[in-house]
Amino acid sequence: MKPFNHLLYNYLTPTIMRFLLTIAIVLILFSCTTTQEEKLTNPSETISEQKIAQHIKTLSSDEFEGRMPFTNGEVKTINYIKNQMQESGLQPGNGDSFFQEVPLVEINSSPTKDMIITGGSESMQLEYKTDYVALTRRVVDNISIENSELVFAGYGVIAPEYDWNDYDGLDVKGKTVVVLVNDPGFGTGDESFFKGESMTYYGRWTYKYEEAARQGAEGLIIIHDTKPASYPWVVVKNGWSGPNMYLQSEDNNMSRCAFEGWISMETAEQLFTNAGMKDYDFTDASKKRDFKAFSLNQKVSLGLNNKITASKSNNVIGLYEGSERSDEYIIYSGHWDHFGIGDAVDGDSIHNGAIDNATGIAAILEMARAFSAMETKPKRSVIFLAVTAEEQGLLGSAHYASNPIYPVNKTVANINIDAIIPMGAVENVKVIGYGQSELEEYASTVAEQQGRYIVPDPNPSHGSYFRSDHFNFAKVGIPALYAKSGEISIEHGVEWGKNIYDDYYAKDYHQPSDEYNPDWDLTGVVLDTKLLFEVGLKVATEDHFPVWKDGSEFKAIREESLSN
C-alpha cells in the first residue's frame, strides 16, 4: 500500500525504486560523519549503530540470565539501564530515584478436579489442557466453583460507540459467562461494523475478563477458535497453565472473576448440542444486532489450588526536562524483561531476548543520549521508561498507567519500541493499529524524509495493537504510537524480507535462540530509532496535543481526561 504522494512508485520498477532508496539511505547514514556542531543541530545523527549494537549485545548476553523479573538478571538489567541513563545526563524520573517499584504476585493454579458440566442431555467431564484451561487472579489458596449456571453472552462486549451491549438485560451475578473470541466485526467483511477485520480492544481476551468482572460474574469462559484468535489451541494450553504473574492489588484481586478460562471449539459445540441447540450457529447469531444472551441450562463445577509467590520488580525511568512546557510530557517506552532461564532447547536454556526486546531498550538509550546532545532543549519534557513484566501480560506498563508519576492529562503522547528485527534497511515502516491517532501523520512525515513510507499492519485481525506496552497508555487515553520496520528489504526485496520475519517468529521468537548476532545489519534498527526520535522531538517542540481519530475506542477516554 502506497500513499498518494508516492504516485511515482507506480511508474518505477522495483529495481529502480530500490536503487533510489538505497542511495537515500546511504546519504542519511553518511551524514553520521558530520561535525559535532552539525550533530548538535541535527541531534538524531548522534544515534550510533555501534552503541546500539553494544547495548543489544550486553543486555542479551548470558550474564544477564534472560532478564526475568525477580531474578539476579533483573538486578543486572535495571542497574545497567539506570547507569546508561545517568551517563546520558538524564535526571531520575521518580523523585530522586530512577526506579518505580512494581508489586507483582505469581500464581500457579492447578486443578484439584476436572471441569464438570451438568444439566444438559448428558454430563461432560472436561480434560485439563485438552478441553479446557482455567486459572484465577485471586490471591487465595484455592478456588471452588460448584454448579455455577452457564450463560452465553455472544462476544461479551459493551461498546457504546458501536451501540452494542451483549449484557443488556442480563444478570450474571454468581454465574459463569461463555463468550466468543475476537469481536462481532471479524469475518463480516464490513469495515463499518466495529472495524471489520481489524480487531478492536473489545476483541481482546483481557477486555472480556475485565467486563465480566464488572458485571459481577463468577467466571468467564472464552471459546477458542484459531482463525479469529490468530493462534492455535497450543498457545492457550501453554500460556494459561503453570505460573502466571499479575499486579498485586489492595483487594488481592477479589474484584476479578473467581476463575478465568478457555474451552476448545469442539467442547463448545458439544455444550450447545447438550443444550438442545445442535444446529445453532452461535458464531453467526452473535454478530446480529438482535442477538440476546441466554442461559445454556447447564452448570459448571471445578476446583483450583494456588501456589502463591509475591515480590517486587522495577520499572526504570529517566527524565529529560523541557525548557518552556516542562510540565507536559512525551513518554518513550519499551520492556526490558524476557523469559529468563527455562527448559533447554538444543542445549541452551537461557532466553536471551536479543530482538525481543534488547533492540527496543537499545533504541531508547540511544534516543536519550541524542536528546541530551541538543544545544537547545525542546519545550516539553521527555520521559524514558523501561518497563518490567511485559512478557507476563504488560504488567509494568499497566502499573505505571494505574500509578502515573506524571499526570495522564499532561502526558502528550507515548511512543513504544518493541522487537525491531535486524534485516538492514527496508522501504516501509509498519504502523501497528493504523488509523488510531494523529501520531501516524508525524511518523509518515519523518519516514518520507528518510525515503521510506508508512504502511498499515498487514494482519490487523491479530490485535497486535493490544499486545505491547503502548496499549496501557492508550487505555487511559494517551495517544500511543507503535511503529517499526516492515518487510520490504531495499537490498533483497519483499520475499526475502518476509522470510526473515517468518523465520524469526517460527524459530526464534520467545526461544533461547533469540541471541545477538555480530553479523546483523543494524541499518534498519538505526533508521527506526532515528524516525521515532524525530517523531518525539516534533511533539516535544510544539504546543499541539495529538488526538485520537474518530472511531478510536480511546478517543472518549482522552477527551474526558483533558476536560478535568
Query raised in the report: Out of curiosity, is Glu87 charged (D, E, K, R) and not assigned by TED's automatic domain parsing to the domain that holds Asp356?
Result: no
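Are any residues in the stretch 515-524 in a helix (DSSP H, G or I) and either in contact with a Phe, Trp or Tyr (Cβ under 7 Å, 6 or more places away or on another chain) or not polar (S, T, N, Q) (or both), and if so, which ones? Talk me through it step by step, then tell me what you get.
Within the stretch 515-524, the first condition is being in a helix (DSSP H, G or I), and the residues that meet it are 523-524.
If the condition is that a residue be in a helix (DSSP H, G or I) and either in contact with a Phe, Trp or Tyr (Cβ under 7 Å, 6 or more places away or on another chain) or not polar (S, T, N, Q) (or both), then Gly524 is the only one that fits.
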Requested in this report: Give the residues of the stretch 173-197 that are crowded, with 23+ Cβ neighbours inside 10 Å and within 23 Å of Pro456 (Cβ to Cβ), sorted by residue number.
Outcome: Val181, Asn182, Asp183, Pro184, Gly185, Phe186, Phe194
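Residue-wise test of (1) buried (at least 18 other Cβ atoms within 10 Å of the Cβ); (2) touching a strand residue (DSSP E or B) at 6+ places or on another chain (Cβ under 6 Å); (3) under 30 Å from Asn315 (Cα atoms); (4) in contact (Cβ under 8 Å) with a residue 12 or more places away in the chain.
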site	(1), (2), (3), (4)
Phe98	yes, yes, yes, yes
Thr112	no, yes, no, yes
Thr118	no, yes, no, yes
Ser121	no, no, no, yes
Leu135	yes, yes, yes, yes
Query raised in the report: Looking at Asp290, Asp251, Asp281, which one is under 18 Å from Ala398 (Cα atoms), acidic (Asp, Glu) and in the same structural domain as Gly156 (by TED's automatic domain parsing)?
Result: Asp251
**Report entry** Index of the failed condition, Asn564 passing every other in (1) modelled with pLDDT of 95 or more; (2) more than 21 Å from the chain's Cα centre (by Cα)
**Finding:** (1)
Query raised in the report: Quick one: what pairs do we get from the stretch 442-469, first residue outside the structural domain of Ala480 (by TED's automatic domain parsing), second acidic (Asp, Glu) and assigned to a helix (DSSP H, G or I), C-beta under 6 Å, 6+ apart or different chains?
Result: Val446/Glu534
Report task. Quick one: which residue in Ser402, Ser461, Ser444 is hydroxyl-bearing (Ser, Thr, Tyr) and under 19 Å from Asp502 (Cβ atoms)? Result -> Ser461
Query raised in the report: Can you list the strands (runs of 3 or more DSSP E) found entirely within the stretch 140-234 that contain at least 3 residues being among the hydrophobic types (A, V, I, L, M, F, W, C) and in contact with a helix residue (DSSP H, G or I) (Cβ under 7 Å, 6 or more places away or on another chain)?
Result: 176-180, 219-223
Requested in this report: Could you check, for the stretch 29-45, whether at least one of its residues is under 30 Å from Gly396 (Cβ atoms) and either at pLDDT 50 or above or assigned by TED's automatic domain parsing to the domain that holds Glu375 (or both)?
Outcome: yes
Query raised in the report: Quick one: which of Ala363, Ala389 is buried (at least 23 other Cβ atoms within 10 Å of the Cβ), in contact (Cβ under 8 Å) with a residue 24 or more places away in the chain and on the phi > 0 side of the Ramachandran plot?
Result: Ala389
Query raised in the report: For the stretch 332-359, how many residues are surrounded by 23 or more Cβ atoms within 10 Å (Cβ to Cβ), more than 21 Å from Val75 (Cβ to Cβ) and modelled with pLDDT under 95?
Result: 0
Report summary line: Here the qualifying pairs (Cβ atoms under 7 Å; residues six or more apart or on different chains; first in the stretch 149-164 and surrounded by fewer than 19 Cβ atoms within 10 Å (Cβ to Cβ); second among the aliphatic types (A, V, I, L, M)) come out as none
Query raised in the report: Does any residue in the stretch 188-213 that is modelled with pLDDT of 95 or more come within less than 7 Å, Cβ to Cβ, of a residue that is surrounded by fewer than 22 Cβ atoms within 10 Å (Cβ to Cβ) and among the β-branched types (Val, Ile, Thr) six or more places away or on a different chain, and which pairs are these?
Result: Glu211/Ile158
Query raised in the report: Taking the stated definitions as given, is Phe371 in a helix (DSSP H, G or I), in contact with a Leu (Cβ under 8 Å, 6 or more places away or on another chain), surrounded by 20 or more Cβ atoms within 10 Å (Cβ to Cβ) and modelled with pLDDT of 95 or more?
Result: yes
Requested in this report: Identify the residue in the stretch 239-276 that is surrounded by fewer than 17 Cβ atoms within 10 Å (Cβ to Cβ) and under 23 Å from Asp131 (Cα atoms) and, among all such residues, is modelled with the lowest pLDDT.
Outcome: Gly239
Requested in this report: Tell me which residues, restricted to the stretch 525-556, are surrounded by 15 or more Cβ atoms within 10 Å (Cβ to Cβ), assigned to a helix (DSSP H, G or I) and at pLDDT below 95.
Outcome: Lys555
Report task. Mind listing whichever residues of the stretch 395-420 are at pLDDT 95 or above, of a type in the set (A, V, I, L, M, F, W, C) and in contact with a strand residue (DSSP E or B) (Cβ under 9 Å, 6 or more places away or on another chain)? Result -> Leu395, Ala398, Ile405, Val412, Ala413, Ile415, Ile417, Ile420
Report task. Could you tell me which numbered condition Asp457 fails, if it satisfies all but one of (1) modelled with pLDDT of 95 or more; (2) surrounded by 20 or more Cβ atoms within 10 Å (Cβ to Cβ); (3) not polar (S, T, N, Q)? Result -> (1)
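The values are calculated or read from the model by the stated rules, or taken from the named source; none is laboratory data. What you are looking at is a predicted structure, and each value in this text was computed from that prediction instead of being measured. All Cβ positions, glycine included, derive from the backbone under ideal geometry; neighbour counts span all protein chains shown.
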